[in-house]
1. Among the residues of the stretch 113-149 satisfying the criterion of being among the hydroxyl-bearing types (Ser, Thr, Tyr) and closer than 18 Å to Pro67 by Cβ, which is farthest from the ligand (Cβ to nearest atom)?
2. Go through the stretch 95-131 and report how many residues are within 22 Å of Ala72 (Cβ to Cβ), charged (D, E, K, R) and surrounded by fewer than 18 Cβ atoms within 10 Å (Cβ to Cβ).
3. Of the numbered conditions (1) among the aliphatic types (A, V, I, L, M); (2) touching a strand residue (DSSP E or B) at 6+ places or on another chain (Cβ under 6 Å); (3) at pLDDT below 95, Leu89 fails exactly one; give the number of that condition.
4. Quick one: in the stretch 115-146, which of the residues that are of a type in the set (Gly, Ala, Ser) and touching a Phe, Trp or Tyr at 6+ places or on another chain (Cβ under 8 Å) is modelled with the highest pLDDT?
5. Only one of (1) outside the structural domain of Pro83 (by TED's automatic domain parsing); (2) open to solvent by less than 30 Å² (accessible area, probe 1.4 Å) is not met by Leu199, so which one is it?
6. Report, by residue number, each residue of the stretch 1-44 that is small (Gly, Ala, Ser) and part of a helix (DSSP H, G or I).
7. Pull out all pairs, ordered by first then second residue, where Cβ-Cβ is under 8 Å, the residues are six or more apart or on different chains, the first lies in the stretch 186-197 and is under 22 Å from Glu212 (Cα atoms) and assigned to a helix (DSSP H, G or I), and the second is modelled with pLDDT of 95 or more and not hydroxyl-bearing (Ser, Thr, Tyr).
8. Can you find a residue that is within 16 Å of the ligand (Cβ to nearest atom) and open to solvent by less than 70 Å² (accessible area, probe 1.4 Å) anywhere in the stretch 158-170?
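The values are calculated or read from the model by the stated rules, or taken from the named source; none is laboratory data. Here the structure is a predicted model, which means the values were calculated and not measured. Methodologically, a virtual Cβ is constructed for each residue, glycine included, from the backbone with ideal geometry; neighbour enumeration extends over all protein chains shown. Remember, those area values only see protein heavy atoms, side chains included, never the ligands or the DNA or RNA. Shrake-Rupley method; radii C 1.70, N 1.55, O 1.52, S 1.80 Å.
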Amino acid sequence: MPLRIDILTLFPELFGPFLSTSIPKRAAEKGKVEYCLTQIRDFATDAHQSVDDKPFGGGPGMVMMAPIVFDAVEATEKQDSRPATRILLTPQGKVLDQPLIEQLAAKERLLLIAGHYEGFDERISQGLAPLELSIGDYVLSGGELAAMVVIDAVVRLLPGVLGAADGAADETFADGLIEYPQYTRPREFRGMDVPDVLLSGNHGLIARWRQEQRKERTRQRRPDLWQAYERKNQA
Ligand code: ADE
């Protein structure tokens, strides 16, 4: 059974090119994932098809209305008997990392809610109890790009999506270290050479060099990851 990913959005058209290109497309073609778009505005009930309104208490911007998002979520969930892991994309959420992506890739159904405007009525979080996820400490104008980030990172982990040759096993973050430097032809370019060890044909030596590079680069560039790595490998 393919992973079902429901996407609730006011801008389903943003997802078309993304879902029909590269890895997200390949994953669907291989039957590993199925994408289902729901237009939140279809659940609006007034003459203007409103989905948002002014915040109680005043202040700038507009707020997504709870009844409409509830109706959209409940109607979408009824389309399939599998329970969905509900995810709300918001800068107030837990910041996404690779272990979290791995957990999501193990689910059978994800339901992503991408909002727009200033935010969501708090009762959406309260009543639907979604996992609230952020893709980083900056503010986007909507959750759509964040939803695409989640989808891209998840579907490439589904078994059989990436070939063995470009597998996801030994890359950045699989074990908490960033990637080693890569080179391809030409051997010399504008005075910059490929490290000799990579041309040595000695696979043991190459593996050791790469692992050292990963550690060194993580230590220099990502002291936060390096600390976590050291802690884990002391235990
Ligand atoms: N919506 C707006 N900004 C966001 C962010 N950084 N992550 C997830 N969803 C968002």
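1. Step by step, filter the stretch 113-149, then rank; the result is Ser125.
2. Adding up the residues that qualify gives 5.
3. Among (1) among the aliphatic types (A, V, I, L, M); (2) touching a strand residue (DSSP E or B) at 6+ places or on another chain (Cβ under 6 Å); (3) at pLDDT below 95, the lone unmet condition for Leu89 is (3).
4. Going through the qualifying residues, I end up with Gly127.
5. (2)
6. Gly16, Ser22, Ala27, Ala28
7. Here the result reads Val197/Leu205; Val197/Ile206; Val197/Trp209, each pair linking the stretch 186-197 to a residue that is modelled with pLDDT of 95 or more and not hydroxyl-bearing (Ser, Thr, Tyr).
8. no
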